[in-house]
1. Mean separation of Cα pairs under 8 Å and 6+ residues apart, divided by the residue count of the chain: what relative contact order is that in percent?
2. Once phi is turned into ³J(HN,Hα) by the Karplus curve 6.51 cos²θ - 1.76 cosθ + 1.60 with θ = phi - 60°, what whole-Hz value does each residue of segment 76-85 show in order, with x for glycine and proline?
3. Mind checking the full-extension length gain between ASP113 and VAL239? Use 0.36 nm per residue of separation minus the Cα-Cα distance, one decimal, nm.
4. Apply the Karplus curve 6.51 cos²θ - 1.76 cosθ + 1.60, θ = phi - 60°, to the phi angles in segment 114-122 and return the couplings in whole Hz, x for Gly and Pro.
5. Please work out the FRET efficiency for the pair ALA76 and TRP103, using the Cβ-Cβ distance as r and a Förster radius of 22 Å; give the result to the nearest 0.05.
6. May I ask you to list the trypsin sites (Lys or Arg not before Pro) in segment 193-250 that are in a DSSP loop and have at most 11 other Cβ atoms within 10 Å of their Cβ?
7. Can you compute the FRET efficiency between ARG205 and ARG11 using 1/(1 + (r/R0)^6), with r the Cβ-Cβ distance and R0 = 45 Å? Round to the nearest 0.05.
8. Work out, step by step, the length gained on full extension between LEU147 and ALA132: first 0.36 nm times the residue separation, then minus their alpha carbon distance; give nm to one decimal.
Amino acid sequence: MNQITQSFDKRLFDGKTVIVAGASGGLGMAMARGFAALGAQVIGTGTSAAKNAAAQDDPANAGIRFAVLDSRDHEAVKAFMAALPAIDVLVNAQGIARPGAEWEDETFLDVLDVNLTSPFRMAMAAMPQLEAARGAVVNVASMLSYLADAAVPSYTASKTGIVGLTRALAHRYGATGVRINAVAPGYHRTDMTRELWEDPVAEARIAERSALKRWGSADDIVGAVIFLCSPAAAFVTGVTLPVDGGYHSG
């Protein structure tokens with residue numbers, strides 16, 4: 001992480017308020033740590049009080065305040081955002097996958113709500129403060145925004161939808177100065193992909209397909225997200241940036 005954050009001015013987000021949804025683990029936590037290392041006041045949200053408490057107690061998360069928020073709860077999201085006097089950056093990193101079970105209606109709709117509807121819900125609730133700050137939103141798409149996996153139809157559909165949602169939000173709010181972009185992670189070593197990277201055959205197969213011949217780490221997503229939220233990307237909006245080591249183009 002240090003090598004990544006040292007690529008940016010350490011005061012880049014001084015005085016800025018950054019919300020990272022889905023920050024109690026995986027890619028979301030890495031993103032939250034990246035913003036905190038660059039001076040931001042970071043609020044990380046998650047649905048599990050136990051996971052949030054464990055994250056709060058981790059010295060590596062100094063500078064991050066963790067809060068329980070279910071992004072599927074419309075009223076809770078509105079109240080959470082309304083209580084914040086300023087929001088400069090919103091990162092929608094919340095996401096779930098239920099391999100095999102997503103062919104059932106209830107599970108399909110729940111995954112869709114978390115992965116697609118809740119980023120819309122979060123962005124809309126935060127928009128007054130984002131407009132005041134001429135801020136930035138980054139949504140988390142996936143390599144499955146471009147590919148398909150029959151085990152996760154809702155995950156595939158929702159992450160494909162993130163690309164379209166990002167474009168639509170960018171055009172709706174561009175005139176206000178708010179920029180909305182997305183990143184599309186590939187195979188990163190997180191708890192969500194643990195079953196694959198702990199299998200030597202699957203791990204090697206996936207690494208070989210990527211252009212860089214390796215798996216990503218959680219930290220590998222951080223630089224791209226920081227860039228998209230920085231002044232260096234002042235004329236970048238409506239874009240989905242693959243961060244997958246060249247996997248989906250191979």
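What follows draws every value from the coordinates through simple rules; no lab data is involved. Everything numeric in this text was worked out from a predicted model, so none of it was measured. Heads up, the Cβs are rebuilt from the backbone with ideal geometry, glycines too, and the neighbour counts pull from every protein chain shown.
1. 18
2. Listing the rounded values in order: 5, 5, 4, 5, 4, 5, 5, 7, 9, x Hz.
3. The span from ASP113 to VAL239 would gain 43.1 nm if fully extended.
4. Computed from phi, the couplings for segment 114-122 are 5, 7, 10, 5, 5, x, 4, 4, 5 Hz.
5. 0.15
6. LYS213
7. 0.55
8. 1.7 nm
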